[in-house]
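This report refers to the structure that appears directly beneath it.
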Amino acid sequence: MRRCRAYCCALCICLLLVLVGLGSPAIAQAVAPETTSAPADSLLLLSFRARRVGVSTYSQQTELRGRLLLTPQQMLHYRLLSDWIYDERGQPPFVREDYGAHVLHTLTLGRNWQVGQLAHYEQSRANATRTGAWQARLGYQHRLRPATALDTLSVARYVLLGGVAYDARNGRRDTGPTYGLEVTTLIYPSQQAKDPVAVRLFGTRAQLGPRIWQRTLAEGFYARAFDAFSSGSLRLGYRANRAEDYVPGNVQRIQSDTLAGQLSWVYQLSDKASFRSDNLLALPRRAFAYRQLSAESDTVQNLGYQQQELDTRQEVRVNSKKLQFVLLFNYRERNRNYALENNRNLSPARLSTATEREQIKDISEKTTLWQSELTWLPLPRHSLSVLGSAQLLRVDTPSQENNQDRDEAQHSLRLVWVGRWAGAFRTSLAVGGEYRQFVFIRASLSAENYADRLLHWEPSFTWAPGRFSLKSTYHLWVSYQVRDRLSEQLKNRASRVLEQQQHLGYQFTPRLLASLDYIRRENRIGLLNWEQFKESPLDTSITHDFSASLRHSWGALRGQNSLRLGYRFLEQRSHGRAALLDGGANGSASTLIYLRSLTRQQGPELAYERRTQTGFTVAASLWLQQLRTFYRYTEGQGAYVGAGYTTEDLQRSTRNLYPYFEVAVNWRIRSFRKV
């Protein structure tokens, strides 16, 4: 295992050195000469990223895409990709191992005709699936108004597809024909129209043994300016997707259909006020159907649901020299109803029982939201903003056996002041409050009803007089969650979170920068007595994150380089109560202790970055992290019933060295052909 990790680290370091070498100015110029006298005939983009995600997990993503002009009439588009997630402790080790390849070759014949071929291949070794297809393409385009010399933009394009598809999964390999059609039109309603009507029709179908894959798309879009003050747009669409897969003894078909329409309208009420309306209606439907592979296979029940979605958004904006005001109203509704198909030839009584059992999941959700924001500029360097929102979510379930009927209400108010002072000094202060209420309608779950009250306080300042810069932000919020029932008061919780971020920087020279960063987060959770407004601590977690670095940059016109050296210290503390099982100073069998669990991650950091004018960028970083976990505790008085530890457990500690690395490369290569 250690050898494997050492090999991975050595491989990444070697790769980094090779990439840095490739990114040198001389080689970069040889690959892509700095000249613009000839037109480009190819484009190649390389993207690579590898990093250590966790203690035993690594990931890498590689993508290579480009296009190549073979002749003045032939174009080749291609794309290669791979995506890995590797866990050296897993069995099998690869959590994800995906590969893909896509190639499109086109040949233009005359002014209106085009032929080509498309090939793609995808493989997922972790899921043991492989898919691929080859399709021939025949395209034709023409003007819709050839007799009108003024309208040369209204065109129609047609593409015919046909070929063979391949799919392997679940130990089966299927091959079959695939074909499709695509129609795209762009038409201007009249010679005076500024906005066209766009329509697209697309459909493909593949027959893979007993399975069928099918996709259909029809959509249209039209935007129009009615006058100098108002404009609108309309979008209509229909999507259908049929995917079939093998399940034990059957073929499962998932049919998804969606009919949607969106209407938008913008109206300028005056030179300072405007109104906007966006309205969306969608009717999705999904069905799960099963076909037997043999007469001996069990019959699976077909089922599905229909859904209605409505989303309307109305907004008013007012802008003046001193005041800015925004009022928003949003209403969303979603209704879902389940149904069964009697493919198992059930009796009416059994079908009714099965349908009622499935309709327990029927649900209706309605959300109403009001938002407003008012900004006042009393002075050129100061601003005061007031933000408010009110939201109500109502969940209804028609079935009496579904107890998820509930109402969720949320109200918030926030006040923000921002001031800019002389000497590059800026301050801001935000205070806010929220009230949330969660109410179950049915009596069986009324014990879960609660109200949550939150307060926020967020001061910050920034000072950057010259070479020196200092930025400090704080965020303190408290939460008081109170149950409605008197019998549930022991579940009341108080939570206080304090976050602070400090950044200190000093620019010694234009190429040398020193910086210090510190982040602290403290979260305290306690048992709340709301009537007496007292709390008893239950758990506390504190995180410290400190980093110091020195960055030097150099370079010229050919490329820019930067090297950063630093040190990072990260500590996570968790405070709580526990029991010492083998007794303490008082000789009790279970002694109360105040336990602290500590995790420290620290080590030097090294980062390098290079950017060239030829489109080559490499960024590499290494954090040589030493991970240590251990316990500290203090004995209390009395016994404790709960999580327990022995003295031997609390004396254990772990030390490991984990090099966390990340390498990212983006390389754009342009080749030129002299004409």
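The values are calculated or read from the model by the stated rules, or taken from the named source; none is laboratory data. These numbers were taken from a predicted model, which means no experiment stands behind them. Here the Cβ is made from the backbone with ideal geometry for all residues, glycine too, and neighbour counts use every protein chain on show.
Among the residues of the stretch 159-176, is there at least one that is in contact with a Ser or Thr (Cβ under 6 Å, 6 or more places away or on another chain), under 28 Å from Asp278 (Cα atoms), free of Cβ contacts under 8 Å to residues at least 60 places away in the same chain and not charged (D, E, K, R)? It would help to see each step written out before you state the result.
Keep residues of the stretch 159-176 that are in contact with a Ser or Thr (Cβ under 6 Å, 6 or more places away or on another chain), which gives 163, 165-167, 169.
Add one more test, that the residue is under 28 Å from Asp278 (Cα atoms), and what stays is none.
So far as the stretch 159-176 goes, no, none of its residues is in contact with a Ser or Thr (Cβ under 6 Å, 6 or more places away or on another chain), under 28 Å from Asp278 (Cα atoms), free of Cβ contacts under 8 Å to residues at least 60 places away in the same chain and not charged (D, E, K, R).
Are there any pairs with C-beta distances below 7 angstrom linking a residue in the stretch 413-425 that is of a type in the set (D, E, K, R) to a residue that is part of a strand (DSSP E or B), with the two at least 6 apart or on different chains, and if so which?
Within 7 Å, the pairs are Arg414/Leu387; Arg414/Ala430; Arg414/Gly432; Arg420/Arg426.
Just one of (1) part of a strand (DSSP E or B); (2) crowded, with 16+ Cβ neighbours inside 10 Å trips up Gln626, so point out which.
Of the numbered conditions (1) part of a strand (DSSP E or B); (2) crowded, with 16+ Cβ neighbours inside 10 Å, the odd one out for Gln626 is (2).
In the set Ala101, Ala156, Ala168, which member is in a strand (DSSP E or B) and farther than 30 Å from Ala243 by Cβ? Walk me through it before giving the result.
On the way: Ala101 fails: farther than 30 Å from Ala243 by Cβ; Ala168 fails: farther than 30 Å from Ala243 by Cβ.
Every option except Ala156 fails the conditions.
Got at least one residue in the stretch 488-496 being surrounded by 16 or more Cβ atoms within 10 Å (Cβ to Cβ), touching a residue at least 24 places away in the same chain (Cβ under 8 Å) and among the acidic types (Asp, Glu)? Before the answer, list the steps.
Pass one, the stretch 488-496, residues surrounded by 16 or more Cβ atoms within 10 Å (Cβ to Cβ): 492-496.
Pick out the ones that are also touching a residue at least 24 places away in the same chain (Cβ under 8 Å) and you get 492-496.
Subset that is among the acidic types (Asp, Glu): none.
Checked the stretch 488-496: no residue is surrounded by 16 or more Cβ atoms within 10 Å (Cβ to Cβ), touching a residue at least 24 places away in the same chain (Cβ under 8 Å) and among the acidic types (Asp, Glu).
Search the stretch 526-559 for residues being closer than 30 Å to Pro510 by Cα and surrounded by 16 or more Cβ atoms within 10 Å (Cβ to Cβ), and hand back the single one that is modelled with the lowest pLDDT. Full working, then the answer.
Within the stretch 526-559, the subset closer than 30 Å to Pro510 by Cα is 545-559.
Adding the requirement that they be surrounded by 16 or more Cβ atoms within 10 Å (Cβ to Cβ) leaves 545-549, 551, 559.
Values: Asp545: 97, Phe546: 97, Ser547: 97, Ala548: 97, Ser549: 97, Arg551: 97, Gly559: 88.
So the residue we want is Gly559.
Tell me whether the stretch 633-643 contains one or more residues that are hydrophobic (A, V, I, L, M, F, W, C), at pLDDT 90 or above and either surrounded by 12 or more Cβ atoms within 10 Å (Cβ to Cβ) or part of a strand (DSSP E or B) (or both).
no
Among the candidates Glu609, Glu605, which residue alone is at pLDDT 95 or above, in contact with a Lys or Arg (Cβ under 7 Å, 6 or more places away or on another chain), assigned to a strand (DSSP E or B) and among the charged types (D, E, K, R)?
Working: Glu609 fails: in contact with a Lys or Arg (Cβ under 7 Å, 6 or more places away or on another chain).
Of the residues listed, the single one that is at pLDDT 95 or above, in contact with a Lys or Arg (Cβ under 7 Å, 6 or more places away or on another chain), assigned to a strand (DSSP E or B) and among the charged types (D, E, K, R) is Glu605.
For Asn402, only one of the following conditions fails: (1) of a type outside the set (D, E, K, R); (2) closer than 30 Å to Tyr290 by Cβ; (3) exposed (fewer than 15 other Cβ atoms within 10 Å of the Cβ); (4) touching a residue at least 24 places away in the same chain (Cβ under 8 Å). What is its number?
(3) is the only condition that Asn402 fails.
For the stretch 530-541, which positions are out of contact with any Ser or Thr (no Cβ under 8 Å at 6 or more places or on another chain) and either in a strand (DSSP E or B) or not hydrophobic (A, V, I, L, M, F, W, C) (or both)? Give the derivation first.
Of the residues in the stretch 530-541, the ones out of contact with any Ser or Thr (no Cβ under 8 Å at 6 or more places or on another chain) are 530-538.
Passing the criteria: Glu531, Gln532, Lys534, Glu535, Ser536, Pro537, Leu538.
Find the strands (runs of 3 or more DSSP E) located wholly in the stretch 402-487 whose residues include 2 or more that are touching a strand residue (DSSP E or B) at 6+ places or on another chain (Cβ under 6 Å) and closer than 17 Å to Ser389 by Cβ, and list them. Quick ask: steps written out before the conclusion?
Numbers: elements: 406-421, 425-440, 450-463, 468-483.
By residue number, 406-421, 425-440, 450-463.
Determine if the stretch 42-51 includes at least one residue that is farther than 30 Å from Gly559 by Cβ, surrounded by 15 or more Cβ atoms within 10 Å (Cβ to Cβ) and not β-branched (Val, Ile, Thr).
Going through the stretch 42-51, the residues farther than 30 Å from Gly559 by Cβ turn out to be none.
No, every residue in the stretch 42-51 fails to be farther than 30 Å from Gly559 by Cβ, surrounded by 15 or more Cβ atoms within 10 Å (Cβ to Cβ) and not β-branched (Val, Ile, Thr).
Please go through the stretch 264-283 and pick out each residue that is closer than 24 Å to Val318 by Cβ and part of a strand (DSSP E or B).
Those that are closer than 24 Å to Val318 by Cβ and part of a strand (DSSP E or B): Ser264, Trp265, Val266, Tyr267, Gln268, Ala273, Ser274, Phe275, Arg276, Ser277, Asp278, Asn279.
Only one residue in Tyr480, Tyr474, Tyr506 is out of contact with any His (no Cβ under 8 Å at 6 or more places or on another chain), farther than 25 Å from Leu413 by Cα, surrounded by 14 or more Cβ atoms within 10 Å (Cβ to Cβ) and hydroxyl-bearing (Ser, Thr, Tyr), so which one is that?
Tyr506
Ser264 versus (1) more than 30 Å from Leu377 (Cβ to Cβ); (2) hydroxyl-bearing (Ser, Thr, Tyr); (3) touching a Phe, Trp or Tyr at 6+ places or on another chain (Cβ under 8 Å): which is the lone unmet condition?
Single failed check for Ser264: (3).
Select from the stretch 418-431 the residues that are over 11 Å from Arg381 (Cα atoms), within 34 Å of the chain's Cα centre (by Cα) and not polar (S, T, N, Q) and list them in ascending order.
Leu429, Ala430, Val431 - these are the residues of the stretch 418-431 that are over 11 Å from Arg381 (Cα atoms), within 34 Å of the chain's Cα centre (by Cα) and not polar (S, T, N, Q).
Among the numbered criteria (1) under 35 Å from the mean Cα position of the chain (by Cα); (2) within 30 Å of Leu455 (Cα to Cα), which single criterion is violated by Asn403?
(2)
Please identify the pairs in which a residue from the stretch 357-383 that is under 20 Å from Arg332 (Cβ atoms) has its Cβ atom under 7 Å from the Cβ atom of a residue that is outside any strand (DSSP E or B) and among the hydroxyl-bearing types (Ser, Thr, Tyr), counting only partners at least 6 apart or on another chain.
Short answer, once both residue conditions are applied: Asp362/Thr397; Asp362/Ser399; Ile363/Thr397.
In this structure, is Ser256 surrounded by fewer than 16 Cβ atoms within 10 Å (Cβ to Cβ), touching a Pro at 6+ places or on another chain (Cβ under 9 Å) and either in a strand (DSSP E or B) or not aliphatic (A, V, I, L, M) (or both)? Steps first, please.
Details: surrounded by fewer than 16 Cβ atoms within 10 Å (Cβ to Cβ): yes; touching a Pro at 6+ places or on another chain (Cβ under 9 Å): yes; either in a strand (DSSP E or B) or not aliphatic (A, V, I, L, M) (or both): yes.
Yes.
Which of the residues spanning the stretch 612-623 are of a type outside the set (Ser, Thr, Tyr) and assigned to a strand (DSSP E or B)? Walk me through how you get there before you give the answer.
Step one: of the stretch 612-623, the residues of a type outside the set (Ser, Thr, Tyr) are 613, 615-616, 618-620, 622-623.
Residues satisfying the conditions are Phe616, Val618, Ala619, Ala620, Leu622, Trp623.
Pairs needed: first member in the stretch 67-92, at pLDDT below 95; second member anywhere, among the aromatic types (Phe, Trp, Tyr) and part of a strand (DSSP E or B); C-beta distance under 7 Å; at least 6 residues apart or different chains.
Trp84/Phe94; Tyr86/Tyr58; Tyr86/Phe94
Is the stretch 266-278 home to any residue that is of a type in the set (D, E, K, R) and buried (at least 16 other Cβ atoms within 10 Å of the Cβ)?
Scanning the stretch 266-278 turns up at least one residue that is of a type in the set (D, E, K, R) and buried (at least 16 other Cβ atoms within 10 Å of the Cβ).
Would you mind stating whether Ala101 is aliphatic (A, V, I, L, M), modelled with pLDDT of 95 or more, farther than 26 Å from Arg157 by Cα and under 27 Å from the mean Cα position of the chain (by Cα)?
Details: aliphatic (A, V, I, L, M): yes; modelled with pLDDT of 95 or more: yes; farther than 26 Å from Arg157 by Cα: yes; under 27 Å from the mean Cα position of the chain (by Cα): yes.
So Ala101 fits the description; yes.
Within 16 Å of Val155 (Cβ to Cβ) and more than 34 Å from the chain's Cα centre (by Cα): which single residue out of Ala198, Ala193 fits that description? Please lay out each step first, then the result.
Details: Ala198 fails: more than 34 Å from the chain's Cα centre (by Cα).
Exactly one residue qualifies, and that residue is Ala193.
Of the conditions (1) of a type in the set (Asp, Glu); (2) modelled with pLDDT under 95; (3) not in a helix (DSSP H, G or I), Glu358 fails just one. Which one is it?
Every listed condition holds for Glu358 apart from (3).
Take Ala198 and tell me if it is surrounded by fewer than 16 Cβ atoms within 10 Å (Cβ to Cβ), at pLDDT below 90 and over 21 Å from Ile254 (Cβ atoms).
Working: surrounded by fewer than 16 Cβ atoms within 10 Å (Cβ to Cβ): yes; at pLDDT below 90: no; over 21 Å from Ile254 (Cβ atoms): yes.
Here the answer is no, as Ala198 does not meet what is asked.
Here is a list: Ala133, Ala101. Which entry is touching a residue at least 40 places away in the same chain (Cβ under 8 Å), on the phi < 0 side of the Ramachandran plot and either surrounded by 16 or more Cβ atoms within 10 Å (Cβ to Cβ) or of a type outside the set (Gly, Ala, Ser) (or both)? Before the answer, list the steps.
Details: Ala101 fails: touching a residue at least 40 places away in the same chain (Cβ under 8 Å).
After ruling out the rest, the residue left standing is Ala133.
All but one of (1) modelled with pLDDT of 85 or more; (2) in contact with a helix residue (DSSP H, G or I) (Cβ under 9 Å, 6 or more places away or on another chain) hold for Val31; which doesn't?
Exception for Val31: condition (1).
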